[in-house]
Amino acid sequence: MYADQAVKLVKEAKKTQDILPEYNTELVRDVQREIRTLHHNITVLLRQYDIRSSPQNHPGPFASIFIHHQSLRRNKRCLLAYHYHRLKKIEEFCWELGHVPQELLPNLSSQETDFSTEYQSIINDYTSNFTGIDLSSSLDPPKDPYIEIRVLKDCGEIYTENGLVTLSKNSQHYLRRTDVEHLINEGYLKHIQ
Amino acid sequence: MEYDRENNSTSNDDTEEISDVILLMKSWINERCSPDILPYNNLVNDLLEQLEVQSEIIEANKNENVNAAFQNMLCQQEMDRVKFILRNYLRTRLYKIEKYANYIYHNSAYYERLSDKEIIYCEHYKELVDAHLFKSSLETAPTFLQNLNEPNMIVKPVLDEPVFCRVKEDLGDVQIQGSQGTSLTVTLKKNNIFMLRYKAIESFLEEGKVELL
């Protein structure tokens, strides 16, 4: 049936709401091919029958064109939904980490990689107007200005208000939340409740 | 009035800051509860400046004594809270701007509600998303399918959404339009809380006569 492939794309997007799976080049191409075939069929029918001026004389071809057209629109809608859904996911990464994680980069299409770079620059343009606050840090309300953290991966020395602190693996520290928040987001540190 | 303000500006710095923060908090709560984008609150920049001044004071008091250190910690915590509200306020707006970018782009009336920077953000964002969607899905499609701005594709704020609101001053009897042409009269008394369609209280919210909860 027409638009089946497109529905597969949407289902894939729905099933993988929390992760960013590999860009489905194959399926996207299939849908785009189907769009072209449908369009071709419509043009052929339009050429064969004089439907525009007297549709009532050709009910069969008229219905056919209608169905083709609806399928075209459905394909378009599904394609857009699939891509838009992925964009939203990429945007989330850009805000949270400042980039798409290394291990997920191969899953992006080349256009999506371009998008993430450009989106990041839009964010940077905007946030550079507010130097005092870090717009990308957590949207949860702060409870304590200081938190206890454990280091999961070596991350060298960081500069805090009390001077340099060396964060070596498995050590535990009591530090200003704002100083280490970005390291928590990137998975270097763990916040101990 | 002007005289008063000048007189108080040095001695009452604290209270002024508190009221600014409370005003921003109100804007923030309204923004979070409303389905539509509300006018931008220009206090953001004032508050950022005040935060900067405050952090300089903390820096200056840093090595004073134990009391100062304790005071600094409290200040720091309060600053973190203000920063959180600022951040959340701006991000909430960006979220709505992204969601309704296409709609805003075609409605110049909305531009008045955004800050200059938000307008730039909105325009760049819309152009970027459109370019991406076009390139990755519709480039090879027939021209009549390539339109990305069909009326049914533009996401609009749902103004019929119900919201909770508190009435801040007596507003008397107000006619509220229902969905199917029905209408009913509600007496909006001060301090009463209602759940109403956003559309019904939109103008009151703009005038500051109700607040969202």
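The peptide list A:64-75, B:155-166, put in order of mean Cβ contacts within 10 Å with the highest first, becomes A:64-75, B:155-166. Counting Cβ atoms of other protein chains within 10 Å of each Cβ in B:125-137 and taking the mean gives 6. In the range A:81-117, the residues whose accessible area drops by at least 30 square angstrom when the other protein chains are added to the isolated chain are A:His83, A:Tyr84, A:Leu87, A:Trp95, A:Gln111, A:Phe115; the probe is 1.4 Å and only protein heavy atoms count.
When a/c reaches 1.5 or more, the comparison of a/b and b/c decides; with that in mind, is chain B rounded, prolate or oblate per its Cα gyration tensor? Oblate, because a/c is 1.5 or more while a/b does not exceed b/c. Only helical runs count toward this figure. For chain A, summing -39,500 (n - 2.57) over DSSP H runs of n ≥ 4 and dividing by all residues gives -18000 deg cm²/dmol at 222 nm. Other protein chain C-beta atoms within 10 Å of residue C-beta, averaged over A:125-138: 6. Mean sequence separation of contacting Cα pairs (under 8 Å, at least six apart), scaled by the length of chain B, corresponds to a relative contact order of 20 percent. Remark: the range A:146-192 carries a charge dipole of roughly 180 debye about the Cα centre, counting +1 on each Lys and Arg Cβ and -1 on each Asp and Glu Cβ. Its Cα centre serving as origin, the range B:159-213 has a Cβ charge dipole (Lys and Arg +1, Asp and Glu -1) of approximately 180 debye.
Projecting the Cα positions of A:Gly60, A:Tyr119, A:His85 onto the charge dipole of the range A:4-127 (unit charges on Cβ atoms of Lys, Arg, Asp and Glu, taken about the Cα centre) puts A:Gly60 furthest along the positive direction. In this simple spin-label model, placing a label point 7 Å from the Cα along the Cα-to-Cβ direction at both B:Met73 and B:Ala60 gives a separation of 2.4 nm.
Solvent exposure of the range A:146-192, expressed per residue, is 58 Å² of accessible area, with all protein chains present and a 1.4 angstrom probe.
When the helices in chain B are scored as -39500 (n - 2.57) per DSSP H run of 4 or longer and the sum is shared across all residues, what 222 nm value do you end up with, to the nearest 500 deg cm²/dmol? It comes out at -18500 deg cm²/dmol, rounded to the nearest 500. Summed over both chains, the contact between A and B buries some 4200 Å² of accessible surface at a probe radius of 1.4 Å.
Take chain B with all the other protein chains still there, run a 1.4 Å probe, and you get 58 Å² of accessible area per residue. Using a 1.4 Å probe on the protein heavy atoms, what percent of the accessible area of chain A belongs to carbon and sulfur? Solvent-exposed carbon and sulfur of chain A make up 50 percent of the total.
On chain B, 51 percent of the accessible area sits on carbon and sulfur atoms, based on a 1.4 Å probe. Rounded if a/c is under 1.5, else prolate if a/b beats b/c, else oblate: with a ≥ b ≥ c from the C-alpha gyration tensor eigenvalues square-rooted, which is the range B:82-191? Verdict is oblate for the range B:82-191. Oblate is the label for the protein assembly as shown, because the ratio a/c of its alpha-carbon gyration tensor axes (a ≥ b ≥ c) is 1.5 or higher and a/b is not greater than b/c. Centre-to-centre, using Cα atoms only, the range A:92-133 and the range B:108-163 are separated by 19 Å.
The values are calculated or read from the model by the stated rules, or taken from the named source; none is laboratory data. Quick caveat: nothing in here was measured; it's all calculated off a predicted structure. Counting neighbours? That spans all protein chains shown, and the Cβs are built from the backbone with ideal geometry, glycine included. Please note that ligands, DNA and RNA were not included when accessible areas were found on the heavy atoms of the full protein model with its side chains. Shrake-Rupley method; radii C 1.70, N 1.55, O 1.52, S 1.80 Å.
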